[in-house]
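The values are calculated or read from the model by the stated rules, or taken from the named source; none is laboratory data. Every value quoted in this text rests on a predicted model; they were computed, and no experiment measured them. Note that we place each Cβ from the backbone using ideal geometry, even for glycine, and neighbour counts take in every protein chain shown. These area figures cover heavy atoms from the full protein model, side chains too; ligands, DNA and RNA do not enter into them. Shrake-Rupley method; radii C 1.70, N 1.55, O 1.52, S 1.80 Å.
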Amino acid sequence: MIHTHKFETIVVGAGGAGLMAALYASQGSDTAVLTKLYPTRSHTGTAQGGIGAALGNLDEDRAEWHTFDTIKGSDYLADQDAVDIMCQEAVNVIYELEHMGLPFDRTPEGKIAQRPFGGHTSNFGEKPVRRACHAADRTGHMILQTLYQQCIARNVRFFDEFHVLDLLLSADGQATGVVAYEIDTGDLHVFHGKALIFSTGGFGRIWEITSNAHSLTGDGPAIALHKGLPLEDMEFFQFHPTGIYKMGILITEGVRGEGGILRNRDGERFMERYAPNLKDLASRDVVSRAIYLEVRDNKGIDGGRYVHLDATHLGRQVVETKLEDSAEFCRTYLGIDPAVEPMPVQPTAHYAMGGIPTNVDGEVQRNASGAVVPGFYAAGEVACVSVHGANRLGTNSLVDLVVFGKRAGKAAAAYCQQNDWAELPAETWQPVQAMLQRMMDKDGQYNAADLRAEMQSLMMDNVGVFRTEEGIQSALNRVRELQECAQDITVMDKGKRFNTDILEAIELQNLLDLAEVTAASALARQESRGAHSREDFKARDDENWLTHTYASEVDGKINLEYAPVNITIHNPEERTY
Amino acid sequence: MAALVASLYKSISYRGAEGQWAWILHRASGLGIVLFLYMHILSIFVAAIGPEPYEWVHKTLYTSPPAKVMEVFLLFGVLYHAANGMRIIIIDFFPALGKYQRTIVRIELALVAIVLVPAAIITLQGLF
Amino acid sequence: MAVTSSSRPVQGKLRYGAPNHEHKIWLFMRLSGLVMFVTVVFHLLYMHMFVRVENITFDNIAERWSGPAGVFWRLFDASLLFIGMAHGMNGVRFSINDYVHNRFLNFLLTAAVYGIGLLLILLGSLAIILGAGGVGRLFESVMG
Amino acid sequence: MRIKMRIRRFNPEADSKPWWGEYWVDVEESDRVLDALHQVKWYQDGALTLRRSCAHGICGSDAMVINGRNALACKVLMQDVGDVCQVEPLRNMPLIKDLVVDMEPFFAKYRAVLPYLINDNLPASGERYQSQEARARYDDTTKCILCAACTTSCPSFWANEDYIGPAAIVQAHRFIFDDRDDAADLRLRVLNDVDGVWRCRTVFNCVQACPREIDVTRAIGEVKLALLNGLEE
């Protein structure tokens, strides 16, 4: 059965970016939010440490310094005009969140409390600055809750547990809607809209050790890719230094912000050797690489693939009040009390710097030259503005969400007011329906879980923290074989009601496509920059590679184009911490 | 009725905290006491008619061997309902004490036992 | 109009906040409980442990209810009757509301509990006011 | 180690009533119940249906009854479940399929308490201050992840699903005791309903069930006292 709906703005994904966009879009247009989860289940809720903004509540701080840190953190790949906008607007957006009721921790005078975070410095790299505004170590949880609360207050229309499977473009390339699968009933719904905002989050599930939710399967970017749109800078995927050993669950950078120390098997504070100035608070790519190198040097704990994050000297008070959730993870999953024992940590796949290319108003770009798809917007982790360049600084994901979520929402509302409804092509749902039917009928020889597990370990081993041409190439070849296999999967659940089995198969296909783009982009980039660290090209090469990658699918093959980085403020320098 | 059965089943099959059993017992004892109260008032009314009805009521309802056994249940019911009621009142008016509720339940049961055991022995004396 | 979140219609109660007296009743249950913690437990232990049920005779009661002290004991017993029944009937009402969701049945049961309860309070009051044997004498005078 | 999973199954398209499915899985001691369920779903019966997302106790998707008690499947380790792990959907919620229940009635109750800050007197620009003490006053109830473990563990809710439930009261508490909020009276009026806080019988199952270790009964108690006394200043 096909249902049709008509809303001016359609937001896909109800995490921080989607909800922020919905809040603003709904002020100027009839708005619906689609999510394959419930909004409060979104991954924004797991963000812990804080949201960065130069409020200067505890230390002197300026937005320009935040801009500098972000650009330097990005290894100079970020578009500097976008970074400037983000860091300038961050301050007022934080106030706005507070006005919405977000329960920030407070300073003794009652101002929003801030703490240091990796890569955040004052006076252009001089010393660490307290910039991360926090609500204990559940800042993301509070942002997600607060934004959802505001959406309820303003009667935003939600369609929960609707899995978007296709994006509808008109003949002249304008966004006209989406096709969604109602998980509960198995029915297809066509949503006809004027403006479309994708905020579906990242795709960290292509890696074996990941902090990402099971639901982070990159549905948004995969759909865009299938529609012939490019994905930008997909080779840059952040590995967070401190995931719980083997599980990948994140231990917040706030632990190091509060003074926690990384130690190798000798108890040595090894970050002193890698980043003599900021030490444990160097940017994430630097720390993750350092941990890998320690492990490779046989300095992992007990010769294993992990090191210790030591918070024992911080005292119980700090651990129990400021790092409450992280402490609880340790107790639940490791049986360790972080106030007494150090935590075993290893780098864990964390954040996609790349994604659907957009400009600073969230408008999706159609190609490397910057032409946009009318009516199509993206914000949050799914988008690449690009403010994170080759490596994102801690706290900036949340800043990105709210600043560009807001801008995309505003732009979409304005677009709705200025434009008429584009014609919805007839019988738009048919390709999706045919695809679902094909998968359902298939008596294939592969199991989705096996293929997914193989892809994840393949990507982890070969396209992880350190990369080589040989490794990437072999991973790419195998991923392409897996893509073939994924066409031959048996879906065990043949029902229509709440069939998560077929959705997992579709998600796997999305993941494989993104794994392919990631590997292909990484293979081509013959330098080391930020999170992309090639052992065969160890140096950064500004001469040839100070460029954004635009990968798109042309006739089933990945086609790579490049566009210049917008450098308006800081010229690239050597990056040391 | 279906709701009652379903709810009872859920209560018994759920591995709840001490509070769950305390609550079930509180409700059961309360309903039991109300039943006794109805009987008690009626019997007192009958007894208030004159010496003969009184003797009959007293003998059959209060001093026969089955009545003595029921009396122990009554003692337990009232003591428990009273003690548990006090626990609820304490926690209601000092919600912060809720985190000690497991301890409070145990103290309460101990108090009930301390009073009930000698009382039950005295009540059942002469029956055996 | 509340936000709806899916195409499923929401079953059950959506609007809360109609005026009612539950909080007074809640408070009454606690206060009466506190009072009875003293009076009922005293009554129970006094009658069962100190006086012993076997030793309560018609004459005992007549004696206890007579004279100036009798006024106290009648008031004491009346307090047990009124507070106990009010507390108890309300407890039964809680249980009925919990388990009987059919409005008609709920009303019927509640009415039955309160009806019988009020009748019993009336009978109990008569017994206390008229004293031991008083009900019998009343019958006789009515019967002629 | 090898463990038997007893899973309450129900397929609305095929079954007239729920039944128990039994599956053997090989798991590590440090694996979560969620991992065991995934093993069944991924390698034995793909039709097994459950909700899950973050897998570390923050998103609140996978609340279910594990060995007779409400918990998040991603927060219970297999070493703690014994030889047989019995898993059922949350109680007293409309059952959709297997371990998936309809959350709509639950969120309807959440929405009933006006779960958003109401304050029209915003500073024209910049920051609004709040003291550390005022912030600490409602800290505990900000942790709620709306997983429904508390509400569906409550005997009062089992008896009468119109009871607004601990989760909604916790959410209301978070605003009632936030000194930036001006609408405590509105929320208290909602909670004063016949099916509001007064249905709480201090059973404490909610406290035991809460995966975020919120002192739920305390929050409810504070709301009751606020209703009796008027709000503390």
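Give me the net charge for the shell around A:Leu546: Cβ to Cβ below 12 angstrom, other residues only, Lys and Arg +1, Asp and Glu -1.
Numbers: positive: A:Arg525, A:Arg529, A:Arg540; negative: A:Asp75, A:Asp79, A:Glu527, A:Asp541, A:Asp542, A:Glu543.
Net charge around A:Leu546: -3.
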Excluding residues on the same chain fewer than 8 positions from A:Lys6, give the lysines whose Cα lies under 23 Å from its Cα. A:Lys36, A:Lys194, A:Lys227, A:Lys406, A:Lys410
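If you take the accessible area of D alone, add that of C alone, and subtract the area of the pair, what total do you get in Å², probe 1.4 Å, to the nearest 100? Let's see the in-between values first.
Values: alone 12090 and 11190 Å², together 21020 Å².
Result for this pair: about 2300 Å² buried.
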Treating the angle as unsigned and between 0 and 90°, give the value, to the nearest 10°, between the Cα long axis of helix A:80-100 and the longest Cα principal axis of chain A. 90 degrees
Check: C-alpha center the stretch B:52-128 vs C-alpha center the stretch A:259-298, spacing in Å is 66 Å
Given H placed 1.01 Å from N in the peptide plane, which residues other than close sequence neighbours of A:Glu208 have an amide H under 5 Å from its amide H? A:Met460
Once neighbouring chains are kept in place and the probe is 1.4 Å, which whole percent of the accessible area of the stretch C:22-137 is contributed by carbon and sulfur? 76 percent
Where Lys and Arg each count +1 and Asp and Glu each count -1, what net charge lies around D:Gly126 among other residues with Cβ under 14 Å from its Cβ? -2
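What percent do you get for the relative contact order of the stretch A:245-347 when only Cα pairs under 8 Å and 6+ apart count? Display every interim value, and only then the final one.
Details: 139 pairs, mean separation 32.6, N = 103.
Value for the stretch A:245-347: 32 percent.
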May I ask you to work out the translational diffusion coefficient for the stretch B:10-128 at 37 °C, viscosity 0.692 mPa s, via Stokes-Einstein with Rh from the Kirkwood sum over Cα pairs, reported in whole µm²/s? 201 µm²/s
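To check you understand DSSP bridge types, tell me what percent of the beta bridges within chain A (both residues inside) are antiparallel, rounded to 5. Don't skip to the answer; put the middle values down first.
Working: 49 of 74 bridges.
So the antiparallel bridges in chain A amount to around 65 percent.
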Cα pair distances in the stretch C:22-137, grouped into 10 Å bins until the bin that holds the longest one, percent each: 12, 34, 33, 16, 5, 0
Leaving out ligands, DNA and RNA, what percent of the accessible area of the stretch A:430-536 is carbon and sulfur, probe 1.4 Å? 44 percent
Do any residues of the stretch D:126-140 lose at least 40 Å² of accessible area when the full set of protein chains is present rather than just their chain alone, and if so which, with a 1.4 Å probe? D:Gly126, D:Glu127, D:Arg128, D:Tyr129, D:Gln130, D:Gln132, D:Arg135
Pairwise burial B:D, computed as accessible area of each alone minus the pair, summed, 1.4 Å, Å²: 2100 Å²
Over the Cα atoms of the stretch A:105-177 the radius of gyration and the largest Cα-Cα distance (Dmax), both in Å, equal 20.3, 59
Apply the Karplus curve 6.51 cos²θ - 1.76 cosθ + 1.60, θ = phi - 60°, to the phi angles in the stretch B:12-17 and return the couplings in whole Hz, x for Gly and Pro. 6, 7, 8, 7, x, 7
On the principal axes of its Cα set, how long, how wide and how thick is the stretch B:55-121? Give whole Å, largest value first. 52, 20, 12
Those GluC sites (Glu not before Pro) in the stretch A:494-576 that DSSP places in a loop and that have at most 14 other beta carbons within 10 Å: A:Glu535, A:Glu573, A:Glu574
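May I ask you to give the average projected area over all directions of the convex hull of the Cα atoms of the stretch A:245-347, in nm² rounded to one decimal?
Numbers: hull surface 23.1 nm².
Projected area, direction-averaged: 5.8 nm².
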Per residue, how much accessible area does the protein assembly as shown have with a 1.4 Å probe, in Å²? 36 Å²
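At 222 nm, what helix-only mean residue ellipticity would chain A give, in deg cm²/dmol to the nearest 500, using -39500 (n - 2.57) for each DSSP H run of four or more? Walk me through the numbers on the way to the answer.
Working: 16 runs with 196 residues, N = 577.
Helices in chain A give a 222 nm mean residue ellipticity of -10500 deg cm²/dmol.
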Average partner chain C-beta neighbours within 10 Å, per residue of D:204-210? 6
How much net charge surrounds D:Val207 when only the other residues with a Cβ under 9 Å from the Cβ of D:Val207 are counted, with Lys and Arg +1 and Asp and Glu -1? 0
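What order do you get for A:352-364, A:171-183 when each peptide is scored by the mean count of other beta carbon atoms within 10 Å, highest first? All intermediate terms of the calculation are to be shown ahead of the outcome.
Details: A:352-364: 26.2, A:171-183: 21.0.
The peptides rank, most packed first, as A:352-364, A:171-183.
Using per-residue counts of other Cβ atoms within 10 Å, averaged over each peptide, order D:57-64, A:135-142 from highest down. Mind showing how you got there, number by number?
Working: D:57-64: 28.4, A:135-142: 26.2.
Packing order, densest peptide first, comes out as D:57-64, A:135-142.
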Computed over the Cα atoms of chain A, what is the ratio Rg over Rh, Rh following Kirkwood? 0.95
Coordinate range along principal axes, alpha carbons of the stretch A:430-536, Å, largest first: 49, 25, 20
Starting from the exponent 0.38 and prefactor 2.2 Å, build the expected Rg for chain D from its residue count and divide its actual Cα Rg by it. 1.14
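Let me confirm one metric for peptide A:495-505, namely the mean number of other chain beta-carbon atoms within 10 Å of its residues' beta-carbons. Kindly include the intermediate steps, with their values, before the conclusion.
Details: counts 7, 2, 8, 12, 5, 11, 7, 1, 0, 3, 1.
Counting Cβ atoms of other protein chains within 10 Å of each residue's Cβ and averaging gives 5.
Could you work out the relative contact order of the stretch D:2-101, using alpha carbon pairs under 8 angstrom and six or more residues apart, expressed as a whole percent? Working shown, then result.
Working: 188 pairs, mean separation 33.2, N = 100.
33 percent.
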If we restrict to alpha carbons, what Rg and Dmax does the protein assembly as shown come to, in Å? 33.5, 124
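Give me a single rounded figure for D:218-228: the average over its residues of other chain Cβ atoms within 10 Å of their Cβ. List each step's numbers first, then the result.
Working: counts 8, 2, 3, 8, 3, 1, 6, 4, 0, 4, 7.
Mean shielding by partner chains, rounded to a whole number: 4.
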What number, in percent, do you get for the relative contact order of chain A if the mean sequence gap of Cα pairs under 8 Å and at least 6 apart is divided by its residue count? 22 percent
A:Gly186's amide H: which non-local residues (gap 5+, or another chain) put their own amide H closer than 5 Å, with H modeled 1.01 Å from N in plane and none for Pro or chain starts? A:Phe498
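Can you give the charge dipole size of the stretch D:2-101 about its Cα centre, rounded to the nearest 20 debye, using +1 on the beta carbon of Lys and Arg and -1 on the beta carbon of Asp and Glu?
That gives a dipole near 360 debye.
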Can you count the Lys pairs in the stretch D:2-101 whose Cα atoms are under 19 Å apart, with each pair 8 or more apart or on different chains? 5
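Give the interface area between chains A and D as buried accessible surface, both sides summed, probe 1.4 Å, in Å² to the nearest 100.
5400 Å²
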At q = 0.11, 0.15, 0.22 Å⁻¹, what log₁₀ I(q)/I(0) does the stretch D:2-101 have when each alpha carbon counts as one equal point scatterer in the Debye sum? -0.28, -0.53, -1.19
Mind listing the phi-derived Karplus ³J(HN,Hα) values for the stretch B:107-119, rounded to whole Hz, using 6.51, -1.76 and 1.60 with θ = phi - 60°, and x for any glycine or proline? 4, 4, 5, 4, 4, 4, 5, 4, 7, 5, 4, x, 4
Those residues in the stretch A:148-169 that give up at least 30 Å² of accessible surface, probe 1.4 Å, once the partner protein chains are present instead of the chain by itself are A:Tyr148, A:Gln149, A:Ile152, A:Ala153, A:Asn155, A:Arg157, A:Phe158, A:Asp160, A:Glu161
Chain C: calculated mean residue ellipticity at 222 nm from DSSP helix runs of at least 4, using -39500 (n - 2.57): -24500 deg cm²/dmol
What's the carbon and sulfur percent of the stretch D:104-229's accessible surface, probe 1.4 angstrom, rounded to a whole number? 47 percent
Helix B:18-47 against the longest principal axis of chain B: what's the angle in degrees, Cα atoms only, rounded to the nearest 10? 20 degrees
Which one of C:Gly33, C:Ala69, C:Leu105 is farthest out on the positive end of the charge dipole of the stretch C:22-137, using unit charges on Cβ (Lys, Arg +1; Asp, Glu -1) and the Cα centre as origin? C:Leu105
May I ask you to work out the translational diffusion coefficient for the stretch A:31-109 at 10 °C, viscosity 1.306 mPa s, via Stokes-Einstein with Rh from the Kirkwood sum over Cα pairs, reported in whole µm²/s? 107 µm²/s
For chain D, longest principal axis from Cα atoms; helix D:216-229 axis from its Cα atoms; angle between them, nearest 10 degrees, is 30 degrees
